[in-house]
Each structure stands twice: as structure tokens, then as C-alpha cells.
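Notes follow the structure.
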Amino acid sequence: QVQLVESGGGLVQPGGSLRLSCVASRSISDINVMGWYRQAPGNQRELVAVIRSGGLINYVDSVKGRFTISRDNAKNSVYLQMNSLKPEDTAVYYCNAIGGGGRYWGRGTQVTVSS
């Protein structure tokens, strides 16, 4: 079992930056995949970025070149650096972990991009 807690969301102007953090309740060394998803009102939850234990990273096309995912196993954490934010990035962002016997979700953190 793994509990995930996100932080770092907030209100930011277009073009601004935010850094999301996700801390796991235990070691993530056996977690094969960690990622970030988002869900905007009226939309389905979509994958934003994933990072695998071997270092392979994938991004949804709409965030390539603007967002960077990273993980720090020593801190049981995964991060999402978001730059050049756009209003269409507004959503609740969820941390996700696959491995260690299951698939786990955090409760989400709200990101709002607005002037």
C-alpha cells in the first residue's frame, strides 16, 4: 500500500511556473512507474507525464518542452516542473504510482492559470 500526497498547486498567471511535488508514504524503489495526470472540469482524466524506474520518460504532446518530470527515490518523491503555463493547463493534477502490488492515486492539487 502506498499513500501519495501532492502539493505545489495554486493560481498563476499565463506564462508563469509552478513545481508540483508528490511524496509517497514509503520507499518508491519498487514502484515501476510514477506519473502525473490531470483532469479539467467536464473532461476525462489524462496522462501528463510518466517516468519509469529505468529513467524512460513520456509526455503528452501538449506539454512537451514546457513540463519536466523527475523522481528522487531517496526522498520518495516525484516532481513536475511546469513552465510557460497556459490557461488550458488549468486542472486538478493527480500523482499516480504503479508497482509494489497495485496502482495508487493521490487526492490531487488544483492548478489554475488565469490573468
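The values are calculated or read from the model by the stated rules, or taken from the named source; none is laboratory data. Keep in mind that this is a model prediction, so the values were computed, not measured. A quick note on method: Cβ atoms are made from the backbone with ideal geometry, for glycine too, and the neighbour counts reach across all protein chains shown. Surface accessibility is based on the protein's heavy atoms, side chains included, excluding ligands, DNA and RNA. Shrake-Rupley method; radii C 1.70, N 1.55, O 1.52, S 1.80 Å.
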Query raised in the report: Is it true that some residue in the stretch 25-33 is modelled with pLDDT of 95 or more, under 17 Å from Val2 (Cβ atoms) and in contact with a Gly (Cβ under 7 Å, 6 or more places away or on another chain)?
Result: yes
Query raised in the report: Could we say that Ser25 is among the polar types (S, T, N, Q), in contact (Cβ under 8 Å) with a residue 12 or more places away in the chain and touching a helix residue (DSSP H, G or I) at 6+ places or on another chain (Cβ under 7 Å) here?
Result: no
Query - Leading residue by the ranking (modelled with the highest pLDDT) among those in the stretch 1-10 that are open to solvent by 40 Å² or more (accessible area, probe 1.4 Å) and part of a loop (DSSP other than H, G, I, E, B) - result: Gln3
Report task. Give the residues of the stretch 63-102 that are under 14 Å from Asp30 (Cα atoms), in contact (Cβ under 8 Å) with a residue 60 or more places away in the chain and among the aliphatic types (A, V, I, L, M), sorted by residue number. Result -> Ala97, Ile98
**Report entry** Index of the failed condition, Trp105 passing every other in (1) within 20 Å of Pro14 (Cα to Cα); (2) touching a residue at least 24 places away in the same chain (Cβ under 8 Å)
**Finding:** (1)
**Report entry** Matching residues, the stretch 12-31, being of a type outside the set (Ser, Thr, Tyr) and closer than 17 Å to Phe67 by Cα
**Finding:** Val12, Gln13, Pro14, Gly15, Gly16, Leu18, Arg19, Leu20, Cys22
